[in-house]
Amino acid sequence: MAQIELTDSETEKQLFLKLEAKGKIYNFYYGTIPGEWKEVKGSVDGKALSTEVAGGFVGVIIGMYASSQGHPSSNFADFDWFEYSGNDIIFNRK
């Protein structure tokens, strides 16, 4: 698990999140300007998500959510854009 504390100026701006998956390796980023990414955590081994290790798990599903980590909060998350790009054998099957 990784956490990043945003600077005061970052909390006032729109926040962008990016996930890169290269085989079983995942890299996580954030930024306040698209294209200017700051790494949250890199080279995360995703083999625990595989069918072989998880014993019948059918694969990884990407989604977005927000959490106040169990604390009351008046903050909100507004997801208005999600983009997938890649060369996934299953996704690109015709």
| request: Scan (i) 1.16; (ii) 1.03; (iii) 1.27 for the value of Cα Rg over 2.2 N^0.38 Å calculated from this model and give just the label. | output: (iii)
| said: Which trypsin sites (Lys or Arg not before Pro) in the stretch 24-83 sit in a loop by DSSP (not H, G, I, E or B) and have at most 16 other Cβ atoms within 10 Å of their own Cβ? | reply: Lys24
| Inter-site label distance for Met1 and Phe16 at 7 Å from Cα along Cβ, in nm | 2.8
| message | With unit charges on the beta carbons (Lys and Arg positive, Asp and Glu negative) and the dipole taken about the Cα centre of the chain, which residue among Phe79, Ala54, Met64 sits farthest to the positive side? | response | Ala54
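In the chain, once you exclude exposed chymotrypsin sites (Phe, Trp or Tyr not before Pro) (DSSP loop, at most 12 other Cβ within 10 angstrom), what's the longest stretch remaining?
Numbers: sites that count: Phe57, Tyr65, Phe76, Phe79, Trp81, Phe82, Tyr84, Phe91.
Longest site-free region, per DSSP loop and neighbour criteria: 1-56.
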| remark: Going residue by residue through the stretch 69-78, the Karplus relation 6.51 cos²θ - 1.76 cosθ + 1.60 with θ = phi - 60° gives ³J(HN,Hα) values, rounded to whole Hz and with x marking Gly or Pro, of 6, x, 10, x, 8, 9, 5, 9, 10, 10
| query | Want the number for Asn75 to Val60: 0.36 nm per residue separation, take away the alpha-carbon distance, what's left? | reply | 2.6 nm
| message | Only sites in a loop by DSSP and with at most 15 other Cβ atoms within 10 Å count here; which GluC sites (Glu not before Pro) in the stretch 1-59 make the cut? | response | Glu5, Glu12
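How high is the relative contact order of the chain? Use alpha-carbon pairs under 8 Å, at least six apart in sequence, and give a whole percent. Write down the numbers at each step before the final one.
Values: 80 pairs, mean separation 14.0, N = 94.
Answer for the chain is 15 percent.
Every number here is computed from the coordinates shown, using simple stated rules; none is lab data. Note that the structure is predicted; figures quoted are calculated from it, not measured. Every residue, glycine among them, receives a Cβ derived from its backbone with ideal geometry; neighbour counts consider all protein chains shown.
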